[in-house]
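Student: Here you go, one structure.
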């Protein structure tokens, strides 16, 4: 079986199901596990996410959407060489991955009609269901069920412990810096499982723009800064765009030093197995008296502590 994955989360799942050798095409954003770096890239972006600011990216994406243009490009020659039997794509967010219409246009160059599986998870449970869907489509149903059982066990353990705590701190997840977006889809679900009170967005709802006044009205006890697709270094390069806003410093989270930058690209933006690590990161942070597991290295920093260290170092 020859598999093309048109989104990073699916690539991770395919590898978890021991199908790395069957993977013949990926996107430019597929970077985990490291072994996928040797695979052919068939999807590219017209945006250089590494050099552009969040505002510049938002301006381009907004303009493309207005003009009916896709942000992602399919290399039809490489796709033809890959000659996939099955393609995994998504219909959830055209900002984050190639659209379904673009995929249908691209496969017209192939000599055969591959099976196209579109995944659209909106909650944590639906993310786990997508793993089962991939397993069923690739003959790895038993392996997929085993993986989902393990992930569900970890989630149940978090629910059990966090459920003992009556105090549910208000948690705000900032999914974009400029303009500010509140995280939607599976992130509100992650917050609730971890024992927090999510605000401004319900689980399964899309991420939307919000004002700083709306954020202040919610009065979050904790803020997690997780720009979609950003790692911590990329976020730090632009953090001044939010910390320079006077309203930012009026939030309880900022005043108490409870603002955290996380590796969104690894643990929050992608609807794959590592969102369970993301749930554990939130739980450990907002209920440190209940959860003692160490977060993955390089997955989270406290913004106030980081800035204080930087001021000392000069």
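The values are calculated or read from the model by the stated rules, or taken from the named source; none is laboratory data. This structure is a prediction, so every number in the text was calculated from the model and none was measured. All Cβ positions, even for glycine, are placed from backbone atoms using ideal geometry, and neighbour counts span all protein chains on display.
Student: Checking residue 144 against (1) touching a residue at least 60 places away in the same chain (Cβ under 8 Å); (2) more than 19 Å from the chain's Cα centre (by Cα); (3) closer than 16 Å to residue 280 by Cα; (4) part of a helix (DSSP H, G or I): exactly one of these is not met. Which one?
Tutor: Against the list (1) touching a residue at least 60 places away in the same chain (Cβ under 8 Å); (2) more than 19 Å from the chain's Cα centre (by Cα); (3) closer than 16 Å to residue 280 by Cα; (4) part of a helix (DSSP H, G or I), residue 144 comes up short only on (3).
Student: Sticking with this structure for a sec: Within the range 203-222, which residues are part of a helix (DSSP H, G or I), closer than 16 Å to residue 184 by Cα and free of Cβ contacts under 8 Å to residues at least 40 places away in the same chain? Explain how you work it out, then say what you get.
Tutor: First, pick out the residues of the range 203-222 that are part of a helix (DSSP H, G or I): 212-218.
From what is left, the residues that are closer than 16 Å to residue 184 by Cα are 214-215, 218.
Scanning the range 203-222 gives a single hit, 214.
Student: Another one. Please determine whether any residue of the range 60-71 is on the phi < 0 side of the Ramachandran plot, within 17 Å of the chain's Cα centre (by Cα) and without any contact (Cβ under 8 Å) to a residue 40 or more places away in the chain. Even if it seems obvious, please write down each step before you answer.
Tutor: Pass one, the range 60-71, residues on the phi < 0 side of the Ramachandran plot: 60-67, 69-71.
From the residues that got through so far, the ones that are within 17 Å of the chain's Cα centre (by Cα) too are none.
No: zero hits.
Student: A further question follows. If you scan the range 12-21, which residues turn out to be surrounded by fewer than 17 Cβ atoms within 10 Å (Cβ to Cβ) and touching a helix residue (DSSP H, G or I) at 6+ places or on another chain (Cβ under 9 Å)?
Tutor: Filtering the range 12-21 for residues surrounded by fewer than 17 Cβ atoms within 10 Å (Cβ to Cβ) gives 18, 20-21.
Correct list: 18, 20.
Student: State which residue is nearest to residue 64 (Cα to Cα) when the search covers only the range 88-127 and only residues that are buried (at least 22 other Cβ atoms within 10 Å of the Cβ) and at pLDDT 85 or above.
Tutor: 89
Student: Right, another one. Run down 251, 243, 285, 235 and say which single residue is under 19 Å from residue 170 (Cα atoms) and either surrounded by 22 or more Cβ atoms within 10 Å (Cβ to Cβ) or more than 20 Å from the chain's Cα centre (by Cα) (or both).
Tutor: On the way: 243 fails: under 19 Å from residue 170 (Cα atoms); 285 fails: either surrounded by 22 or more Cβ atoms within 10 Å (Cβ to Cβ) or more than 20 Å from the chain's Cα centre (by Cα) (or both); 235 fails: under 19 Å from residue 170 (Cα atoms).
Testing whether each residue is under 19 Å from residue 170 (Cα atoms) and either surrounded by 22 or more Cβ atoms within 10 Å (Cβ to Cβ) or more than 20 Å from the chain's Cα centre (by Cα) (or both) leaves just 251.
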